[in-house]
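Here the structure comes first, spelled out in structure tokens, and everything after it is commentary.
The values are calculated or read from the model by the stated rules, or taken from the named source; none is laboratory data. Source: prediction; values computed, not measured. Heads up, the Cβs are rebuilt from the backbone with ideal geometry, glycines too, and the neighbour counts pull from every protein chain shown.
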Amino acid sequence: MKNILRKFILKMVESNDRYKLWLLSPRKDLPPRDKDKNPWWPPQDKAHGFVVRAKTESDARKIAVETTETYGSVCGFSEIDLYGYEGKTAWLSEEFSTCVELTGDGQSGVIMYDFRE
């Protein structure tokens, strides 16, 4: 019995100890200056990117939505509904955003620089 419990505990620890970093960004191919097809237009007062620690892409997208709701930033539920996106959220939808796992591969440098005036 102790051996079975030990294996179970080890399996739980191994499966729960790793998170990944995810880079969420608006899709680059959205039409600029078109609020009907681009939830990031106009660009002011909106979150335009996140680096999130989560286990899965789905979890990362949900955390981004929760963050926009918590801090009052748009591109969460309320603004998307104002622009007629029928409850879709930009961060949950591959139609409006990308979510890419970040790895340690590559050259040193800035991962995200997202400046808006």
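Can you name the residue in region 19-68 that is among the polar types (S, T, N, Q) and assigned to a helix (DSSP H, G or I) and is also modelled with the highest pLDDT among such residues?
Step one: filter region 19-68 for residues among the polar types (S, T, N, Q), giving 25, 38, 44, 56, 58, 67-68.
Then drop every residue that is not assigned to a helix (DSSP H, G or I), which leaves 58, 67-68.
Details: 58: 95, 67: 82, 68: 77.
Out of the qualifying residues, it is 58.
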For region 23-44, pairs from a residue that is closer than 17 Å to residue 89 by Cα and in contact (Cβ under 8 Å) with a residue 60 or more places away in the chain to a residue that is assigned to a loop (DSSP other than H, G, I, E, B) and β-branched (Val, Ile, Thr), with Cβ under 7 Å and 6 or more apart or across chains, are 23/111
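Checking the structure you have, find out if any residue of region 3-17 is part of a loop (DSSP other than H, G, I, E, B) and modelled with pLDDT under 80. Spell out the reasoning first.
Taking region 3-17 first, the residues part of a loop (DSSP other than H, G, I, E, B) are 17.
Retained after the next criterion (residues that are modelled with pLDDT under 80): 17.
Yes - at least one qualifying residue is present in region 3-17.
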